[in-house]
Amino acid sequence: SLIKIIKTRFFKIFMPIKLNLSGFKATIELRDISIYNYFYMHYVYYNLKGCNLMLSKRMIDAINDQINYELLSSYLYLSMVAYCEDNDFHGAANWYRIQAKEEVDHAMKFYNYLVEMNARVILKGFADHVTEFDGYKDTFEKSLAHEKTVTKRIYNLMDIAIEEKEHATVSFLKW
């Protein structure tokens, strides 16, 4: 077992602790872990906490911009929901509501990715966004133009990831 391997390979010190190993709860005594590993673990946690170990600053900034843009996209779609409901286009309002949720889901994928990569997420406010439309057709034209912009931004993220040799981000962007 893991505990036998640890006991036979490492120094012994005394202090009981509890660990949760991937859902398997067990009490392991600290004396079963090497002094070196114990202090190294604390060094990494306290001294590198909040430090990005994998992504370049350029990549982090680009993903943060994309998170904010995805949230702005959600606001745009919610503005379209409000316009459509006000004008009794209930089917279109429902469709835009689904699009707004999808944009928030995209933002959270990027958000969670930065957190997993130990990078800081920075949320910013929005400049004024579109809230008025010139009819039902205008909402679709603006949403199509917006989606084309979003697609270009995602392609740009992939270009940055390739240039920066951010292989994990390249894989992530292939969702």
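The values are calculated or read from the model by the stated rules, or taken from the named source; none is laboratory data. Please read these numbers as outputs of a predicted model, since none were measured by experiment. A quick note on method: Cβ atoms are made from the backbone with ideal geometry, for glycine too, and the neighbour counts reach across all protein chains shown. For accessibility, only protein heavy atoms count, side chains too; no ligands or nucleic acids. Shrake-Rupley method; radii C 1.70, N 1.55, O 1.52, S 1.80 Å.
Here are the numbers:
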read-out	value
Qualifying position, being aliphatic (A, V, I, L, M) and either touching a Leu at 6+ places or on another chain (Cβ under 7 Å) or at pLDDT below 95 (or both), among V130, V81	V130
Within region 80-122, considering residues that are hydroxyl-bearing (S, T, Y) and under 22 Å from the mean Cα position of the chain (by Cα), the one least open to solvent (accessible area, probe 1.4 Å)	Y113
Subset of region 131-150 that is closer than 30 Å to F172 by Cβ and open to solvent by 30 Å² or more (accessible area, probe 1.4 Å) - its residue that is farthest from the chain's Cα centre (by Cα)	K142
Hey, R120 out of contact with any Ser or Thr (no Cβ under 9 Å at 6 or more places or on another chain) and part of a helix (DSSP H, G or I) or not	no
Matching option when the condition is at pLDDT below 95 and either part of a helix (DSSP H, G or I) or open to solvent by less than 70 Å² (accessible area, probe 1.4 Å) (or both), among A168, A161	A168
Contacts under 7 angstrom Cβ, first residue in region 137-156 being closer than 13 Å to Y77 by Cα, partner at pLDDT 95 or above and open to solvent by 70 Å² or more (accessible area, probe 1.4 Å), 6 or more apart	none
Number of the exception - G125 against (1) surrounded by 11 or more Cβ atoms within 10 Å (Cβ to Cβ); (2) within 19 Å of the chain's Cα centre (by Cα); (3) under 25 Å from M59 (Cα atoms)	(1)
Cβ pairs under 7 Å, 6+ apart, first in region 81-94 and touching a residue at least 12 places away in the same chain (Cβ under 8 Å), second assigned to a helix (DSSP H, G or I) and open to solvent by 70 Å² or more (accessible area, probe 1.4 Å)	V81/R97; F89/Y136; A92/Y136; A93/E85
Selection from region 97-116 of residues that are touching a helix residue (DSSP H, G or I) at 6+ places or on another chain (Cβ under 7 Å) and aliphatic (A, V, I, L, M)	A100, V104, A107, L114
